[in-house]
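Worksheet: the structure to be examined is printed underneath.
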Amino acid sequence: MNWPHKDLLDVSQLSLEDVDVVMRTAASFREINTRPVKKVPTLKGKSIVLFFAEPSTRTKTSFDIAGKRLSADTFSLAKTGSSLQKGETLKDTVLTLQAMNPDAIVIRHNASGAAAFVARRVSCAVINAGDGWHAHPTQALLDLRTLLDIWETVEGKTVLILGDVAHSRVARSNCRLLSMLGAHVRLCAPRTLLPWDAEALGATVFHEVEPALEGVDAVMCLRLQLERQEAGLLPDLREYANRYCLTSERLRYAAPDVKVLHPGPINRGVEIASDLADAGNSLILDQVASGVAVRMALLFLHITRKDKGASL
Amino acid sequence: MTSPALAVTNVRVPGRDGVFDLLVADGRVLELVAHDAAARYPEARTLAGRGWLLLPGLTDAHTHLREPGQEWKEDIASGLAAAAAGGFTNIMCMANTSPVNDNAAVTRLMLRRAEASWPAGPRLFPVGALTVGLAGRVLAPMGELRQAGCVAFSNDGEPVADTEIFRRALEYAADLAPVIDHCEDPFMAKGSGANEGTASARLGLRGQPDVAEAIQVARDVLLADYLRVPVHLAHVSCRRSVELIAAAKKRGAPVTAETCPHYLLMTDAALFGYETMAKVNPPLRTDDDRAALLEALRAGVIDIVATDHAPHADHEKETPFENAKNGISGLETALAGLWELVRRGKLTPEDVVERMAWRPAAIFGLPVNRFAPGDPADFILFDPDEAWVVSPENLRSKGKNTPLLGQSLTGRVMLTAVAGVIVHTLDPSA
């Protein structure tokens, strides 16, 4: 296995072949997660730092489980209770981590570009677990893995990303990855929640939800951060839900076997109706399962890229 | 005629045919004469000009020298050294120090520091605060500030949001000194350092739209027109502002404007890779804005080029983009930057002299050398063909924060003199 990348900063760095490798590797790891003993020795003796400078439960847990199932040692560094809270700069934190010589650093940070900042300063692999509004490549890859479990390919499919695109790294990475693979991507949000020149992301832009849903094969709902209201970007949650909440009624505009995804954590009744989140066409829990497999694959590919004879 | 103490020989002068010698006595220009006429004064000290360009000393209407209060970024001594190396003989320093330069004691401290660190160095002209503490509420004691030595007033960095207060400040200042305004709507994406556009969308950075600047430019030019009092617009960065300024000038409003070398030479494409050295406020804009600014400078809609020299320590730039400080260390690369535009045929050498020396000195009433007898002997020798690489080691400023680091520039200040005294030279024989 010759993985060409030291770091995973965003999906835009990946070739179609790279994406295929990640998908196939993840599929092969998924079987491990269904065994009674969910552990293989693949990354035994390797250490992974989980550096989460922004609150996260599911992504961090997902990486933690992924590392442990491959027998790596995982270490957590959170913002609270760490020297980051004592005013240490990111540069100093990174140099300190580097001195401990880990095999990979998984980073979540509120500043766009933070993962690239870290990657430039350490010799080990850096995996971006979300940087500001910029990118969340592992989420996009796990969403793709989830869709490919249902469909043979995403090429020619139409996927709607619905919600707060402006502040969403999930939207940016998914938009890039899906367009790269030949899917038609639509974005739908009020103008206040769209980035400048949203079309430049390679998508068709809608401001009303019904026309946006017309004939789509999948809908990805985005989490609405509650502070957007305080920033004056929308009137209130009720108004937002009235106009943009994904409901069964609205979903009738979509293709008959439409799939529904959400990166979580969900605000029931705000961006997605409660019954829809639990409905048969919801892939939300499949996404969580894919997440562990995809992250196992990414940790494996990045950590063993230079090891001789590394194998599954 | 007084006999010259100094003869600068064998120099070329923009806008004049031939080779010249400059004769200097008592810190003043005696005469600009045809080359070799200086040989008539064997007692004068000779400075070989080597066929370089003789330019008047430059005036920078916009620097941040950080003293008092932020001496780890820059202090007055290092700022003056950077000015001398960049060819500036007059520099104006902004009031956003700590404490703020909103009272005569701070102004006098700045001037004393300059005098103590380098009595014969480039001249320092403080800009006083427009409002107390730059808070935008109470007018600063502008009469006292002017008496202490301030040559202009500005809330630079903290633009006055309250239009009523700003109007009254303009009126009050009108009989004292020009007001310089940093035009930025303080509520619209204040100081994010990234132009709102394709680059910010792709990088996931909060965008600062050009209209946040232009809206304030519109307010200012309307006030200047209505009140018939002068206003100088700092670091104009976009086409929308240029169009408003052009219209106001056409109506005869007493408006002057500056831009900076980085807005003439760079665009927001420089941000890819989250390059914090290119983070500046206002942010680098698009290629269309760059072209509009250049055209406006040629046409005189933009009056002057200032550096907005904003030195920062390494650790203040070595951070993720959104945490990095805004600003570019600009004193030492400004002239070479503008000369790049001369080489491309976009500006003439005379344009550079007008926009970086004569016009800024005229707007703010500072000493100026037009090479007429009696003018202060503030001059530089500039080698337009000398290539040099911008590196931390060859910058005198404490602030090494420039996106030009590692790049090669062509055109270098070989010597700077203030009132006939050499304050900077790269020529060991001088």
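The values are calculated or read from the model by the stated rules, or taken from the named source; none is laboratory data. Predicted model, so just to flag it, every value in this text is computed and none were measured. A quick note on method: Cβ atoms are made from the backbone with ideal geometry, for glycine too, and the neighbour counts reach across all protein chains shown.
When the range A:129-142 is filtered for residues that are part of a strand (DSSP E or B) and either of a type in the set (A, V, I, L, M) or more than 10 Å from chain B (Cβ to nearest Cβ) (or both), the ones remaining, listed by number, are A:129, A:130, A:135.
I'd like to check something: does the range A:144-160 contain any residue that is among the polar types (S, T, N, Q), within 14 Å of chain B (Cβ to nearest Cβ) and touching a residue at least 24 places away in the same chain (Cβ under 8 Å)? No; the residues of the range A:144-160 include none that is among the polar types (S, T, N, Q), within 14 Å of chain B (Cβ to nearest Cβ) and touching a residue at least 24 places away in the same chain (Cβ under 8 Å).
Exactly one residue out of B:391, B:397 is hydroxyl-bearing (Ser, Thr, Tyr), under 15 Å from the mean Cα position of the chain (by Cα) and away from chain A (no Cβ under 14 Å), and it is B:397. Number of residues in the range B:73-118 that are outside any loop (DSSP other than H, G, I, E, B) and among the aromatic types (Phe, Trp, Tyr) equals 1. Has the range B:240-255 got any residue that is in contact with a helix residue (DSSP H, G or I) (Cβ under 6 Å, 6 or more places away or on another chain), under 19 Å from residue B:62 (Cβ atoms), among the hydroxyl-bearing types (Ser, Thr, Tyr) and touching a residue at least 40 places away in the same chain (Cβ under 8 Å)? Checked against the condition, which is being in contact with a helix residue (DSSP H, G or I) (Cβ under 6 Å, 6 or more places away or on another chain), under 19 Å from residue B:62 (Cβ atoms), among the hydroxyl-bearing types (Ser, Thr, Tyr) and touching a residue at least 40 places away in the same chain (Cβ under 8 Å), the range B:240-255 yields at least one hit. When the range B:230-247 is filtered for residues that are closer than 19 Å to residue B:154 by Cβ and part of a helix (DSSP H, G or I), the ones remaining, listed by number, are B:241, B:245. For the residues A:87, A:163, the requirement of being touching a residue at least 40 places away in the same chain (Cβ under 8 Å) and at positive phi singles out A:163.
Residue B:189 passes every criterion in (1) part of a loop (DSSP other than H, G, I, E, B); (2) on the phi < 0 side of the Ramachandran plot; (3) without any contact (Cβ under 8 Å) to a residue 24 or more places away in the chain apart from (2). For the range B:277-291, the set of residues classified as farther than 16 Å from residue B:217 by Cα and touching a Lys or Arg at 6+ places or on another chain (Cβ under 7 Å) consists of B:277, B:288, listed by residue number. Within the range A:248-288, the set of residues being closer than 21 Å to residue A:61 by Cβ and among the small types (Gly, Ala, Ser) comprises A:264, A:277, A:282. Is it true that some residue in the range B:282-305 is among the hydroxyl-bearing types (Ser, Thr, Tyr), assigned to a helix (DSSP H, G or I), modelled with pLDDT of 95 or more and over 16 Å from residue B:334 (Cβ atoms)? No, the range B:282-305 contains no residue that is among the hydroxyl-bearing types (Ser, Thr, Tyr), assigned to a helix (DSSP H, G or I), modelled with pLDDT of 95 or more and over 16 Å from residue B:334 (Cβ atoms). Of the residues that sit in the range B:194-208 and are assigned to a loop (DSSP other than H, G, I, E, B) and free of Cβ contacts under 8 Å to residues at least 24 places away in the same chain, which one is nearest to the other protein chains (Cβ to nearest Cβ)? So the residue we want is B:204. Got at least one residue in the range B:284-301 being on the phi > 0 side of the Ramachandran plot and hydroxyl-bearing (Ser, Thr, Tyr)? Within the range B:284-301, not a single residue is on the phi > 0 side of the Ramachandran plot and hydroxyl-bearing (Ser, Thr, Tyr).
Might you let me know whether the range A:218-236 holds any residue that is at pLDDT 95 or above and of a type in the set (Gly, Ala, Ser)? Working first, answer last.
In the first step, residues of the range A:218-236 are kept if they are at pLDDT 95 or above; the result is A:218-222.
Keeping just the survivors that are of a type in the set (Gly, Ala, Ser) gives A:218.
Looking through the range A:218-236, at least one residue is at pLDDT 95 or above and of a type in the set (Gly, Ala, Ser).
When each of A:234, A:224 is tested for being in a loop (DSSP other than H, G, I, E, B), assigned by TED's automatic domain parsing to the domain that holds residue A:256 and over 30 Å from residue A:149 (Cβ atoms), the lone residue that passes is A:234.
Residue B:212 meets the conditions (1) within 14 Å of another protein chain (Cβ to nearest Cβ); (2) closer than 25 Å to residue B:95 by Cα; (3) at pLDDT 95 or above; (4) crowded, with 24+ Cβ neighbours inside 10 Å in every case but one. The failed one is (4).
Residues that are within 20 Å of the chain's Cα centre (by Cα) and crowded, with 24+ Cβ neighbours inside 10 Å within the range B:217-233 comprise B:217, B:231, B:232, B:233, listed in sequence order.
Within the range B:42-64, restricting attention to residues that are part of a loop (DSSP other than H, G, I, E, B) and surrounded by 20 or more Cβ atoms within 10 Å (Cβ to Cβ), the residue that is modelled with the lowest pLDDT is B:44.
Selection within the range A:161-173: residues that are within 13 Å of another protein chain (Cβ to nearest Cβ) and not in a loop (DSSP other than H, G, I, E, B). The member of this set that is surrounded by the most Cβ atoms within 10 Å (Cβ to Cβ) is A:171. Within the range B:261-271, is even one residue under 26 Å from residue B:177 (Cβ atoms) and touching a residue at least 12 places away in the same chain (Cβ under 8 Å)? For the range B:261-271, residues under 26 Å from residue B:177 (Cβ atoms) and touching a residue at least 12 places away in the same chain (Cβ under 8 Å): present. At least 2 residues being farther than 24 Å from residue B:204 by Cα and more than 14 Å from every other protein chain (Cβ to nearest Cβ) is the threshold, and among the helices (runs of 4 or more DSSP H) wholly inside the range A:32-128 those reaching it are A:58-69, A:90-99.
Hey, among the residues in the range B:321-335 that are within 14 Å of chain A (Cβ to nearest Cβ) and part of a helix (DSSP H, G or I), which one's nearest to residue B:383 (Cα to Cα)? The selected residue is B:321.
Residue-wise test of (1) closer than 29 Å to residue A:156 by Cα; (2) within 14 Å of another protein chain (Cβ to nearest Cβ); (3) touching a Phe, Trp or Tyr at 6+ places or on another chain (Cβ under 6 Å).
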position	(1), (2), (3)
A:196	yes, yes, no
A:227	no, yes, no
A:236	no, no, no
A:240	no, no, no
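Can you pull out the residues in the range B:367-389 that are of a type in the set (A, V, I, L, M, F, W, C) and either without any contact (Cβ under 8 Å) to a residue 24 or more places away in the chain or surrounded by fewer than 20 Cβ atoms within 10 Å (Cβ to Cβ) (or both)?
B:371, B:372, B:387, B:388, B:389
Taken over the range A:199-210, the residue count meeting the criterion of being within 13 Å of chain B (Cβ to nearest Cβ) and surrounded by fewer than 20 Cβ atoms within 10 Å (Cβ to Cβ) is 4.
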